[in-house]
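Participant: Pasting a structure below so you can have a look.
The values are calculated or read from the model by the stated rules, or taken from the named source; none is laboratory data. Remember, it's a predicted structure, so these values are computed and weren't measured experimentally. Virtual Cβ from ideal backbone geometry, glycine too; neighbours counted across all protein chains shown.
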Amino acid sequence: MRLLSKAALAALLALGLATVGRAEPVNPLLPVTGTREVSVRGIFQFEPGDLFQIDGRYGPFLNPNLQVGAEFGYRDPEGGDSTTSLGAFANYHFPGASATLPYVGLFLGYVDAGGSDGIGYGLQAGVKHFLNSTVAANAELQYRDSDEAGAENSIGIVFGLSIFLR
């Protein structure tokens, strides 16, 4: 009986290891190692109030999951000082069989708000939906904050278009 239990456990372990190595098929529209993304985006902000924002990003994919790059942003809040930011981002993607590519990421950079400057940081989570192999529409939930005295954090939804250079 013990031998049968050990054999059954070994068979289950072997079956489990065999399925771990099997990868889900990846949609051929999605980026691969070396693909570069250029995007332009605008924001609809929830907090702290109304504002206009546009940003641009450039970032290569180090592998199908990890992308790092640079981001430049300009914000013009209603009744406040405009803000520019320049920083780096890292996004971790979850590729699959769909043309939709979800991701989570981080931002860290320099922020200049009306003459006072500081370090900006944030989190983001979003999706890129590929219209073809070179163009994707994207949406991102974004949180941004800074160490600047008196600066308010912000939460918003960013919409944009990306071009992928393969």
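Participant: Is there any pair with a first residue in the range 122-149 that is over 19 Å from Gln53 (Cα atoms) and a second that is aromatic (Phe, Trp, Tyr) whose Cβ atoms are under 6 Å apart and which are 6 or more apart or on different chains, and what are they?
Facilitator: Close Cβ pairs satisfying both conditions: Thr134/Phe164; Ala136/Phe130.
Participant: Sticking with this structure for a sec: Where in the range 74-166 are there strands (runs of 3 or more DSSP E), lying fully within it, with 3 or more residues that are among the β-branched types (Val, Ile, Thr) and out of contact with any helix residue (DSSP H, G or I) (no Cβ under 8 Å at 6 or more places or on another chain)?
Facilitator: Answer list for the range 74-166: 100-113, 154-165.
Yes/no matrix, rows are residues, columns are (1) at pLDDT 95 or above; (2) touching a Ser or Thr at 6+ places or on another chain (Cβ under 8 Å):
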position	(1), (2)
Leu4	no, no
Ala11	no, no
Leu17	no, no
Ala23	no, no
Val26	no, no
Pro31	yes, no
Ser39	yes, yes
Phe107	yes, no
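Participant: On to the next question. Anything in the range 56-105 that is surrounded by 20 or more Cβ atoms within 10 Å (Cβ to Cβ) and at pLDDT below 95? List them, or say none.
Facilitator: Gly73, Arg75, Thr83, Ser85 - these are the residues of the range 56-105 that are surrounded by 20 or more Cβ atoms within 10 Å (Cβ to Cβ) and at pLDDT below 95.
Participant: Further question: When residues of the range 115-152 are filtered for being farther than 25 Å from Glu37 by Cα and loosely packed, with under 13 Cβ neighbours inside 10 Å, how many remain?
Facilitator: Qualifying residue count for the region: 4.
Participant: Quick one: count up the residues across the range 127-166 that are of a type in the set (Ser, Thr, Tyr) and on the phi > 0 side of the Ramachandran plot.
Facilitator: Within the range 127-166, residues that are of a type in the set (Ser, Thr, Tyr) and on the phi > 0 side of the Ramachandran plot number 0.
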